[in-house]
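> What follows is a single structure, and I will ask about it in a moment.
The values are calculated or read from the model by the stated rules, or taken from the named source; none is laboratory data. Fair warning: this is a prediction, and the values are worked out from it, not measured in the lab. All Cβ positions, glycine included, derive from the backbone under ideal geometry; neighbour counts span all protein chains shown.
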């Protein structure tokens, strides 16, 4: 580390503590990361804090760093820097290999058996959001970007879904008793955040793409289902998986519900990050 000529002590780069923690965990997982990427992650953390969003974010993976081992390490794993880890220490990798990850774009699925298990149960809170950034949209219709449900039915389904792979994305929020909630269909936008926010009640399931709310809002639901949320497919509570996507993702987010204003702000923070990482 460079020394300060004035104090004769190591220079501090001014990185956010949670970015420094992420870097340490990346190295522990066998990953590598450049100073420029740590700075981009640090700036992301500072923006999250300054806009009062940190407590809303329970698990966020920016899928960045120099290799796959880095991309599997989430930035946030609890809704505060000092909170107990919720879900898996790193995202559990099923079948991805190093060639599936590119630093300037993210991680690509294969539409059949490649997926990540966050380990975060979907009943982590009443009032939830989930979201992802497709660097490259999937090419197969009726596939899930991420989600979770009860096995053998659509009970407790909470998922982001590709209606038409290149033009339309929506979200499903089913109750534990299979009452159907669908958030409005949004126009798919590559390299931008897509997010569903879901609160129990009529019209309280809303879908956004690039900060723009789409279609007709649906009913929202809470759940008692403890199945862990999956990425690149829906994870069932018996450990099986449904409808894998072949999209390339540049990150995901899971946490508490957000207002429309908060979604707009959060989307802007993600866009700044993507630009800094050369992914915009």
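> For the stretch 160-184, give me each residue that is surrounded by fewer than 17 Cβ atoms within 10 Å (Cβ to Cβ) and either under 26 Å from residue 224 (Cβ atoms) or in contact (Cβ under 8 Å) with a residue 40 or more places away in the chain (or both).
176, 177, 178, 179, 180
> Next question. What do you reckon, is residue 156 under 20 Å from the mean Cα position of the chain (by Cα), touching a residue at least 24 places away in the same chain (Cβ under 8 Å), farther than 30 Å from residue 33 by Cβ and outside any strand (DSSP E or B)?
The answer is yes for residue 156.
> Within the stretch 254-265, how many residues turn out to be in contact with a helix residue (DSSP H, G or I) (Cβ under 8 Å, 6 or more places away or on another chain), buried (at least 24 other Cβ atoms within 10 Å of the Cβ) and outside any loop (DSSP other than H, G, I, E, B)?
Of the residues in that region, 1 qualify.
> Give the residue, chosen from 135, 129, that is touching a helix residue (DSSP H, G or I) at 6+ places or on another chain (Cβ under 9 Å), closer than 14 Å to residue 246 by Cα and assigned to a strand (DSSP E or B).
Of the residues listed, the single one that is touching a helix residue (DSSP H, G or I) at 6+ places or on another chain (Cβ under 9 Å), closer than 14 Å to residue 246 by Cα and assigned to a strand (DSSP E or B) is 135.
> Could you tell me which residue of the stretch 210-246 is modelled with the lowest pLDDT, considering only residues that are surrounded by fewer than 23 Cβ atoms within 10 Å (Cβ to Cβ) and in a strand (DSSP E or B)?
Among them, the one singled out is 219.
> Could you grab me the full set of residues in the stretch 89-110 that are more than 22 Å from residue 37 (Cβ to Cβ) and crowded, with 17+ Cβ neighbours inside 10 Å?
Selection gives 109 alone.
> Quick check on residue 157: is it surrounded by 24 or more Cβ atoms within 10 Å (Cβ to Cβ) and touching a helix residue (DSSP H, G or I) at 6+ places or on another chain (Cβ under 9 Å)?
In short, no.
> Is it the case, given these coordinates, that residue 275 is out of contact with any strand residue (DSSP E or B) (no Cβ under 9 Å at 6 or more places or on another chain), under 21 Å from residue 120 (Cβ atoms) and surrounded by fewer than 22 Cβ atoms within 10 Å (Cβ to Cβ)?
So residue 275 fails the test.
> Any residue at all in the stretch 86-109 that is touching a helix residue (DSSP H, G or I) at 6+ places or on another chain (Cβ under 7 Å), modelled with pLDDT of 95 or more and in a loop (DSSP other than H, G, I, E, B)?
Yes, there is a match, as at least one residue in the stretch 86-109 is touching a helix residue (DSSP H, G or I) at 6+ places or on another chain (Cβ under 7 Å), modelled with pLDDT of 95 or more and in a loop (DSSP other than H, G, I, E, B).
> Just checking, does the stretch 60-73 include any residue being modelled with pLDDT of 95 or more, more than 19 Å from residue 251 (Cα to Cα) and either in contact with a helix residue (DSSP H, G or I) (Cβ under 9 Å, 6 or more places away or on another chain) or surrounded by fewer than 18 Cβ atoms within 10 Å (Cβ to Cβ) (or both)?
There is no residue in the stretch 60-73 that is modelled with pLDDT of 95 or more, more than 19 Å from residue 251 (Cα to Cα) and either in contact with a helix residue (DSSP H, G or I) (Cβ under 9 Å, 6 or more places away or on another chain) or surrounded by fewer than 18 Cβ atoms within 10 Å (Cβ to Cβ) (or both).
> Against the conditions (1) buried (at least 22 other Cβ atoms within 10 Å of the Cβ); (2) under 22 Å from residue 248 (Cα atoms), where does residue 45 fall short? Just the number, please.
Looking at each condition in turn, residue 45 falls short on (2).
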